[in-house]
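Data block below; observations after.
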Amino acid sequence: MAALSLAPLPAAACRLALLLALDVSSSVDPAEDALQRQGLARALRSEAVREAMFALPAEPVALAAFEWSGRDQQAMLLTWRMIATPADLDAAAAVIGDSRRRYTQFPTALGYAMGHAARVMERAPACLFHTIDVSGDGVNNDGFPPRLAYANFPYDGVVVNGLAIAGHDAGVETYYAEQVIRGPGAFVERADGFEDFERAMRRKLVRELGVRVVGEAR
């Protein structure tokens, strides 16, 4: 399903552009995809995330999301939207929760996903900070690795955090810690399988949405 149009971006100060990237490679079965997609929607609606999102009402957060798998298999779930009110957040969560998976049979091209993420971030509204939140259950197995994406795409001032989903690949958490995250304060959150995705995503979003100090190292 195509991302629905929400309210246009207002002319307001934006403290954070947050881009969410969900793994839909062939290692993710339909039940796991549903846990991931619905888990993200529920995490966005949670009281903890809502509180963090609106901690500075005059400085909203811009939000976007896409799914990724093979080299050319990336699809937007939510185009950039300013989340200025609880209604905006509920609408964005509904778009993600109602979305349908585009691809099922492609490998894990994580470097290509990060290249795509950089291009999406270039289209973000002007915000003080920029964070990409990438989730996955496996290591890169197709195409160039994330480090080459960071070297060849515009990543100045962009922090990349990871949500490593344990169960499919024993080395996924270490891989995300060593090869995926980048930038000051970057971190990896672990989900113990897709059943734990909602909890891990909620915890991760609260940390990412935490109020940061103007002038903080980037």
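The values are calculated or read from the model by the stated rules, or taken from the named source; none is laboratory data. All figures in this text were calculated on a predicted structure; none of them were measured in a lab. Ideal geometry is used to build each Cβ from the backbone, glycine not excepted, and the neighbour counts take in all protein chains shown. Remember, those area values only see protein heavy atoms, side chains included, never the ligands or the DNA or RNA. Shrake-Rupley method; radii C 1.70, N 1.55, O 1.52, S 1.80 Å.
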- prompt: Name the trypsin sites (Lys or Arg not before Pro) in the range 111-193 that are in a loop by DSSP and that have at most 15 other C-beta atoms within 10 Å, would you?
  reply: Arg123
query: Can you give me the relative contact order of the chain as a percent, contacts being Cα pairs under 8 Å and 6 or more apart?
result: 26
query: Can you give the FRET efficiency for Ala13 and Asn152, using 1/(1 + (r/R0)^6), R0 = 25 Å, r = Cβ-Cβ distance, to the nearest 0.05?
result: 0.20
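Counting only heavy atoms of protein chains, what accessible area per residue, in Å², does the chain have with a probe of 1.4 Å?
For the chain, the per-residue accessible area is 42 Å².
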- request: Please sort by residue number the trypsin sites (Lys or Arg not before Pro) in the range 3-105 whose DSSP state is loop and whose Cβ has at most 13 other Cβ atoms within 10 Å.
  value: Arg100
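What is the dipole size for the range 21-148, taken about its Cα centre, with +1 at each Lys and Arg Cβ and -1 at each Asp and Glu Cβ, in debye to the nearest 20? Spell out each step's value before the answer.
Numbers: 12 positive and 16 negative charges, 54 e Å.
Computed charge dipole of the range 21-148: roughly 260 debye.
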statement: Farthest towards the positive end of the dipole of the chain, among Gly171, Val24, Cys14 and with Cβ unit charges of +1 on Lys and Arg and -1 on Asp and Glu, lies the Cα of Cys14
query: What's the FRET efficiency of Ala87 with Arg119 using the Cβ-Cβ distance as r and R₀ = 35 Å, to the nearest 0.05?
result: 0.75
- prompt: What number comes out for the charge environment of Thr108, summing +1 per Lys or Arg and -1 per Asp or Glu over other residues with Cβ under 11 Å away?
  reply: -3
query: Measuring from label point to label point, each 7 Å out along Cα→Cβ, what is the Ala48 to Arg199 span in nm?
result: 1.0
- request: Along Cα→Cβ, 7 Å out, is where each label goes; now give me the distance between the ones at Asp29 and Thr174 in nm to one decimal.
  value: 2.7
- prompt: What does the charge dipole of the chain about its Cα centre add up to, to the nearest 20 debye, if the Cβ of each Lys and Arg holds +1 and the Cβ of each Asp and Glu holds -1?
  reply: 540
task: With the full set of protein chains in place, find how many percent of the accessible area of the chain is carbon and sulfur; take the probe as 1.4 Å.
output: 52
query: How much accessible area does Glu51 have with a 1.4 Å probe, in Å² rounded to the nearest 10?
result: 140
